[in-house]
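Working notes, structure below.
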Amino acid sequence: MSETTVSAPVSPGRAKFLRFLVRDAGVLLALVLITLFFSATAPYFASSGNALKIFVQIAINTVLAAGMTFVILTGGIDLSVGSVLALCTVVGATVMIDESLSPAVAITLALLACMATGAVCGFLNGWISTRWKIPSFIVTLGMLNMASGAARVVSDNSTITGLPQSFVDFGNLIIGDFLPSIFLVAVLVIAAGWFVLRFTVFGRMIFAVGTNDEAVRLSGHNPDFYKVAAFTISGLTAGIAAMVYLLRLNIGSPIAGVGYELNAIAAVIIGGTSLSGGKGSIIGTLVGACILQVLSTGLQLLGVGDNFKPIVIGLVIVLAVILDAYRERLLRKIR
Amino acid sequence: MNDAILSLEGVGKIFPGAVALSDVSLSIARGETHIILGENGAGKSTLIKLLAGIYQPDSGRIAFNGQSYQPKTPHDAQQSGIRIVHQELNLLPYLSIAENLMLESLPRRAFGIVDRKALNSRAVALLTEVGLDIDPRTRVEALGVAQMQLVEIAKALSYDSKLLVLDEPTATLTPPEIERLFSIIKRLKAKGVTIIYISHRLHEVFEIGDRVTVLRNGRLVATRDLRGLTVPDLVRMMIGRDIADEYGFDASIVPGKVALSVANLKRDAATPDISFAVRHGEILGVAGLVGSGRTEAMRVLFGADPKLDGVVEIDGKPVAIAAPKDAVRHGLSLLTEDRKGQGLLLDMPVDKNITITDLSKVSHNGLLNRRAEAAAANDLVGQLRIKASSIEQAVRNLSGGNQQKVVLAKWLFRGTSTLILDEPTRGVDIGARREIYQLLWMVAAQQKGIIMVSSDLPELMGMCHRIIVFSKNRIVGEVPRSDFDQERILSLAYQEYVRP
């Protein structure tokens, strides 16, 4: 097709900069603008106390969304992370309140138990959907229910309290008056994901599988391996997010995490990752999670009622996807 | 021409950064079959999209039937009586053939209920016209590409079109199917329909065309009567220079020992088993009609589809191939017939497409070495003369020929011992085609085996040491180069279909 064989008259260096601007900096710019808007209009928004609150509030969603980014990059979706988180909180809390263990050992075992539980759920999601070629939408919808039920069984339908004091203290810790410990955890998870996606062979394969899994298969790879791995990572981050949940709320609850999967997906999509796979960035996901929370907090401080808040946030999600389509068109012109 | 059905005057189209068409003036006579030739990027597609109402011209005027013609949408074009069969098929896979044929005006009974009886009987009539003997209730997804192409043409016939534009209709067809298409075209012409016909295959245009227009780099080179012209004349007009021998058969390459042999390969209980072998340094041609089992055999051999039975030997040693990764590990490479759907990561850049076959070469302990990757990619881009603005350009934005070179590059990067090519030059223009042929000779000179599946018989006869012929899933014959003969190969390809 003649119109595509010609490249636009943009120098390579400038093209690179423009690409960065359109693809990566767009969401960041949106975050800055929204923050500036609320700082100017909403009372108390531009205070250090409020900033801290936002950091605390986005931690769980950021960790979930980090794993979700892997799944969406391969072209899948994981609806189960909310209830897997619930299951992990009750498993982790049960281990942690075991009085025969010293607090340090109990906390370590709880962390491992959370991560293992989440990873197993994620692995099952990936394995079932690739082995029987079932859309991940359906399989993870099933897992959503199963994990939720399992959480009730494990907890005997009750809330688990009485976590070790040292654990609770760490959850409330604010490093250097500005960095909540749980936000640090979230940032570390994002950093690890960024490194894997950007610098490793595994990360490259995640993008390639999402772009065209059949071409990857015919190039001599097993795309299912990477899909299963992405779901396992998503389960793993749900386990880590469960630990963050325990740090923040100090209870293990079978009804925790309801609707969390939708927030995680929203963060990934607002962050510019394409639902059809192959395109996106985990830094974008972090920014997307920030945008969601800044909006939520900002609207609240502006006095927008709880009824109208979801309407605005819903509109923003749709807007993000529309902008994504335009972004693609712009990118094609630059390339 | 006094009685022009369509006339273009100084038509131009500019895209950001490039002139796609410039000052094209052309007049199509009523009732003629007008051939349009040009390499990829010459402006043919743009011209068609202007006629189809997909693009609007930036300059110049178009008149159709004596009136100014300014379609804003494809629907406008259809309303005016211009019907276009695009190169990319536009059928709905989950609907039946009949529904696809009459989608725009389904016959109805009261209350808007579809009149199935009328629908199917009209569909049968249309299918008969293009020589397709298939139940019109069949879902389109069950058809082969060639059959879909014929359905697409039947769809165009279902409207009373005054001007029919066919964009590379024979790209996916085999010789007998092409014959049938040509007889349809001749019949339409006798009915007074004007036809614009675009093709890459120069040999065939003489049979149906009255006049030819050649485009090069968005400009019109010439419009001539086809009578008196030869293929070399057309080539010269298209590329602006002579091409002596397209294929460049390299007689200095002597095939050595058997590189790959396949014995009693069977894909399921219903299909016959096949056996063949290719030598080091040999180009083995695989001929046959579309749907004769050529592609399927290659896919089973490569592990892309499951196999029931059979032994594959590489350099005399049996190897187990259960999935493409096994085939690749044993040095096989497959260039698929569907390069966009199965060969390339379209939205990823050139370098990442090339290194995907073996990332261990550009990584250490699982960490990518981007500098080594760029160096390797640049190396192959230079060696294969891939035209891209940089290795960071998305392969989607490359021309067909350059995309195909990227697929070749990715296998050369891996290092292959036997290369299986399925329709390697489909949709590739003459210039790039010739470069691909040269590249294959370079590969053969390194004593690698090449298996080449192609529907372009002159191409197989120009390139191959030996040709095996498929007919209805069976290998019915093997022809050595000394005995190459178009008719003989064709009659072999037909053999199993004409048996009582």
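Miscellaneous remarks
- Which listed residue is modelled with pLDDT of 90 or more and among the aliphatic types (A, V, I, L, M), from B:Ala263, B:Ala244: B:Ala263
- Matching option when the condition is in contact with an Asp or Glu (Cβ under 6 Å, 6 or more places away or on another chain) and not acidic (Asp, Glu), among A:Pro223, A:Pro254, A:Pro164: A:Pro223
- Residues satisfying the stated conditions in region A:176-194, i.e. farther than 25 Å from B:Val362 by Cα, in a helix (DSSP H, G or I) and either in contact with an Asp or Glu (Cβ under 7 Å, 6 or more places away or on another chain) or not aliphatic (A, V, I, L, M) (or both): A:Ser181, A:Phe183
- Within region B:266-278, the residues that satisfy the criterion of being under 30 Å from B:Met442 (Cα atoms) and surrounded by fewer than 21 Cβ atoms within 10 Å (Cβ to Cβ) are B:Ser275, B:Phe276, B:Ala277.
- Residues that are assigned to a helix (DSSP H, G or I), of a type in the set (Gly, Ala, Ser) and crowded, with 19+ Cβ neighbours inside 10 Å within region B:81-115 comprise just one, B:Ala98.
Table: residues versus (1) charged (D, E, K, R); (2) over 30 Å from B:Glu487 (Cα atoms).
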position: B:Leu284; (1), (2): no, no
position: B:Leu301; (1), (2): no, no
position: B:Leu332; (1), (2): no, yes
position: B:Asp347; (1), (2): yes, yes
position: B:Thr355; (1), (2): no, yes
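- The numbered conditions (1) surrounded by 14 or more Cβ atoms within 10 Å (Cβ to Cβ); (2) acidic (Asp, Glu); (3) within 27 Å of B:Ala146 (Cα to Cα) are all true for B:Asp76 except (3).
- Count of region B:328-357 residues, restricted to those that are more than 8 Å from chain A (Cβ to nearest Cβ) and either in contact with a helix residue (DSSP H, G or I) (Cβ under 8 Å, 6 or more places away or on another chain) or outside any loop (DSSP other than H, G, I, E, B) (or both), is 12.
- Of the helices (runs of 4 or more DSSP H) lying entirely inside region B:417-500, those carrying at least 3 residues that are hydroxyl-bearing (Ser, Thr, Tyr) are B:486-498.
- Checklist (1) exposed (fewer than 14 other Cβ atoms within 10 Å of the Cβ); (2) under 30 Å from A:Gly277 (Cβ atoms) applied to A:Thr140, failing item: (1)
- Among the criteria (1) more than 14 Å from chain A (Cβ to nearest Cβ); (2) part of a strand (DSSP E or B), the one B:Leu215 does not fulfil is (1).
- In summary, A:Ala59 fulfils each of the numbered conditions (1) over 28 Å from A:Phe183 (Cα atoms); (2) part of a helix (DSSP H, G or I) with the single exception of condition (1).
- Scanning region A:283-311 for residues that are aliphatic (A, V, I, L, M), over 21 Å from the mean Cα position of the chain (by Cα) and assigned to a helix (DSSP H, G or I) yields a count of 3.
- Region B:297-317, residues that are farther than 30 Å from B:Pro458 by Cβ, touching a strand residue (DSSP E or B) at 6+ places or on another chain (Cβ under 9 Å) and not in a loop (DSSP other than H, G, I, E, B): B:Asp309, B:Gly310, B:Val311, B:Val312, B:Glu313, B:Ile314
- Some residue of region B:282-296 being at pLDDT 95 or above, farther than 16 Å from B:Val469 by Cβ and in contact with a strand residue (DSSP E or B) (Cβ under 7 Å, 6 or more places away or on another chain): yes
- Count - residues of region A:228-259 that are part of a helix (DSSP H, G or I), more than 17 Å from the chain's Cα centre (by Cα) and either within 14 Å of chain B (Cβ to nearest Cβ) or crowded, with 19+ Cβ neighbours inside 10 Å (or both): 3
- Matching residues, region A:195-206, being part of a helix (DSSP H, G or I), at the interface with chain B (Cβ under 7 Å from one of its Cβ atoms) and either in contact (Cβ under 8 Å) with a residue 24 or more places away in the chain or farther than 17 Å from B:Pro349 by Cβ (or both): A:Phe202
- Failed item in (1) within 13 Å of another protein chain (Cβ to nearest Cβ); (2) modelled with pLDDT of 85 or more, with B:Ile14 passing the rest: (2)
- Extreme residue, nearest to the other protein chains (Cβ to nearest Cβ), among residues of region B:412-421 that are surrounded by fewer than 24 Cβ atoms within 10 Å (Cβ to Cβ) and not hydroxyl-bearing (Ser, Thr, Tyr): B:Arg414
Here's the yes/no breakdown for (1) of a type outside the set (Phe, Trp, Tyr); (2) surrounded by fewer than 21 Cβ atoms within 10 Å (Cβ to Cβ); (3) farther than 28 Å from B:Gly293 by Cβ:
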| residue | (1), (2), (3) |
| --- | --- |
| B:Ala118 | yes, yes, yes |
| B:Ala125 | yes, yes, yes |
| B:Arg137 | yes, yes, no |
| B:Val151 | yes, no, no |
| B:Asp160 | yes, yes, yes |
| B:Leu164 | yes, no, yes |
| B:Thr170 | yes, no, no |
| B:Glu177 | yes, no, no |
| B:Arg180 | yes, yes, no |
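- Complete set of residues in region B:116-142 that are in a loop (DSSP other than H, G, I, E, B) and at pLDDT below 85: B:Val130, B:Gly131, B:Leu132, B:Asp133
- For region B:287-301, filtering for residues that are surrounded by fewer than 24 Cβ atoms within 10 Å (Cβ to Cβ) and hydrophobic (A, V, I, L, M, F, W, C) leaves 2.
- Between B:Ile62, B:Ile28, B:Ile48, B:Ile54, the distinction of being within 23 Å of the chain's Cα centre (by Cα) and not in a loop (DSSP other than H, G, I, E, B) belongs to B:Ile48 only.
- Any hit, region B:433-444, residues being under 18 Å from the mean Cα position of the chain (by Cα), free of Cβ contacts under 8 Å to residues at least 40 places away in the same chain and assigned by TED's automatic domain parsing to the domain that holds B:Ile283: yes
- B:Lys325 meets each of the listed conditions (1) surrounded by fewer than 22 Cβ atoms within 10 Å (Cβ to Cβ); (2) more than 14 Å from chain A (Cβ to nearest Cβ); (3) outside any loop (DSSP other than H, G, I, E, B); (4) of a type outside the set (S, T, N, Q) apart from (2).
- All positions within region B:371-395 that are within 12 Å of another protein chain (Cβ to nearest Cβ) and at pLDDT below 95: B:Lys387, B:Ala388, B:Ser389, B:Ser390, B:Ile391, B:Glu392, B:Gln393, B:Ala394, B:Val395
- Which listed residue, of A:Ser155, A:Ser166, A:Ser148, is polar (S, T, N, Q) and under 29 Å from A:Thr285 (Cα atoms): A:Ser148
- Condition check for B:Glu459: free of Cβ contacts under 8 Å to residues at least 60 places away in the same chain, closer than 21 Å to B:Ser252 by Cβ and assigned by TED's automatic domain parsing to the domain that holds B:Val381: no
The values are calculated or read from the model by the stated rules, or taken from the named source; none is laboratory data. Bear in mind the structure is a predicted one, so any value in this text is a computation, not a measurement. Every residue, glycine as well, gets a Cβ built from its backbone with ideal geometry; the counts of neighbours run over all protein chains shown.
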